[in-house]
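The values are calculated or read from the model by the stated rules, or taken from the named source; none is laboratory data. This structure is a prediction, so every number in the text was calculated from the model and none was measured. All Cβ positions, even for glycine, are placed from backbone atoms using ideal geometry, and neighbour counts span all protein chains on display. Accessible surface areas use protein heavy atoms only, side chains included; no ligands, DNA or RNA. Shrake-Rupley method; radii C 1.70, N 1.55, O 1.52, S 1.80 Å.
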Amino acid sequence: MGRRVLITGGAGFIGSHTCLVLLEQGYELIVLDNFDNSSPEALHRVQELAGSKQLAVVKGDVRNPDDLDRAFQTVDQVDGVIHFAGLKAVGESVAEPLRYWDVNVNGSRVLAAAMERHDCRTIVFSSTSTAYGEPETFPLREDMATAPVHPYAQTKVAVEQLLTALCSSGPWRVATLRYFNPVGAHPSGRIGEDPLGIPNNLFPFITQVAAGRRERLNVFGQDYPTPDGTGIRDYLHVMDLADAHGVALEHLWEQEPPYPLTLNIGTGRGLSVLEVVKGFEASTGISIPYDVVERRAGDVPRLEACPQKAKEILGWSPRRGLAEMCRDGWTWQQANPMGYRGGT
Ligand code: NAD
Ligand code: UFG
């Protein structure tokens, strides 16, 4: 029998792709999600793609101990947890810091207490490249100081600290993955990113312009200290990010401490906004009209990973390039013009 893994937030963008990868590797999964920012349809499609029924769904909130107990009790013993459930919009976190601290920090604390109750101390946690704040030297290495500049990143760093304290307190095995910018979709076009309303993020905005759902892209600032003046980010294919969770769990089960293990998950190759636009146009043949507008508050000029540690420790490296990110994101957008809400 495969190992049993509890996945909080498993119906979301990264969670749904990770569930598919883990089901294909033979794991038995329990997803806990309140569907605050996702749809149960994503999990139906994951099961359909995997041809597997080894996925139990518990509708519940990560802040609720009873919901967590129900999730843990669906199997005899949970072998590990991947903790995706959380809120992720930077601007919203500035407007609603209490909500972010409640869901992201309190939710993680309640989850960790449930893990102790159910004798499971192995966890992969979703952290963020924004933990590095507004850095000046590149590429970013995990031993550089964190300096979060908004409540979203502050909550992630607070959870990193909680998990570090747990590792000092007992036999916890923790991998903190600092994701850079995941984009794209599963190549089938059956699962993908499904933002509610106007997309916050560059990539889904581009695919919606390509589909004619939005007229033009706003490029937020062309006066950054970068070669073409637009912001640089380290985009990676969501399937590569999903793969990283599988190898991280294996590592936690097999390797002795010290823990926590903190790893950047990125490609090491930053791209500007205009390079992404050009890459999308080249791989789809569709032109993306854009206007350059003011900088967006809170954006930093550049974030770019050093991915060496994940390669050395996990043997993980991204395998898919920008052309695949664009192709797969566009396939998903075309097949699901209104996301999961358009039905199957
Ligand atoms: P997402 O919003 O698509 O997925 C999050 C999931 O968590 C959703 O299914 C949502 O319904 C669920 N959820 C939210 N609050 C919950 C609660 N209180 N109880 C139970 N379920 C809850 O986001 P995503 O892009 O898949 O991100 C997953 C994780 O990775 C998040 O923690 C996010 O902060 C982190 N992250 C994302 C990115 C990114 O660019 N997408 C980058 C860095 C880190
Ligand atoms: N951008 C535009 N126009 C848009 C949207 C974005 O020009 O319509 C620019 C931004 O200014 C930035 C770049 O595109 O330079 C990327 O912006 P995203 O919003 O796609 O991504 P961010 O790097 O701002 O943030 C994302 C997630 C965070 C996560 C972070 C790091 O939203 O939750 O990546 O992983 F923490």
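Some notes on this structure:
- Residue in the range 163-182 that is crowded, with 20+ Cβ neighbours inside 10 Å and in contact with a Gly (Cβ under 7 Å, 6 or more places away or on another chain) present: yes
- The listed residues are 240, 291, 328, and the only one of them that is open to solvent by 30 Å² or more (accessible area, probe 1.4 Å), in contact (Cβ under 8 Å) with a residue 24 or more places away in the chain and either out of contact with any Asp or Glu (no Cβ under 6 Å at 6 or more places or on another chain) or in a loop (DSSP other than H, G, I, E, B) (or both) turns out to be 291.
- Residue under evaluation residue 199, criteria (1) surrounded by fewer than 16 Cβ atoms within 10 Å (Cβ to Cβ); (2) free of Cβ contacts under 8 Å to residues at least 24 places away in the same chain, criterion not met: (1)
- Test result for residue 223, open to solvent by less than 50 Å² (accessible area, probe 1.4 Å) and either over 15 Å from the mean Cα position of the chain (by Cα) or among the charged types (D, E, K, R) (or both): no
- All conditions in (1) of a type outside the set (A, V, I, L, M, F, W, C); (2) at pLDDT 95 or above; (3) over 19 Å from residue 10 (Cβ atoms) hold for residue 246, with the sole exception of (3).
Yes/no per residue for (1) open to solvent by 60 Å² or more (accessible area, probe 1.4 Å); (2) away from ligand 2 (no atom under 13 Å from the Cβ):
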| position | (1), (2) |
| --- | --- |
| 140 | no, no |
| 143 | yes, yes |
| 151 | no, no |
| 186 | no, yes |
| 191 | no, yes |
| 208 | no, no |
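- Filter result (over 22 Å from residue 242 (Cβ atoms), within 12 Å of ligand 1 (Cβ to nearest atom) and open to solvent by 20 Å² or more (accessible area, probe 1.4 Å)) within the range 104-136: 105, 106
- If the condition is being surrounded by fewer than 16 Cβ atoms within 10 Å (Cβ to Cβ) and either within 18 Å of residue 178 (Cβ to Cβ) or within 16 Å of ligand 1 (Cβ to nearest atom) (or both), then the range 294-314 contributes 296, 298, 299, 308, 311, 312, 313.
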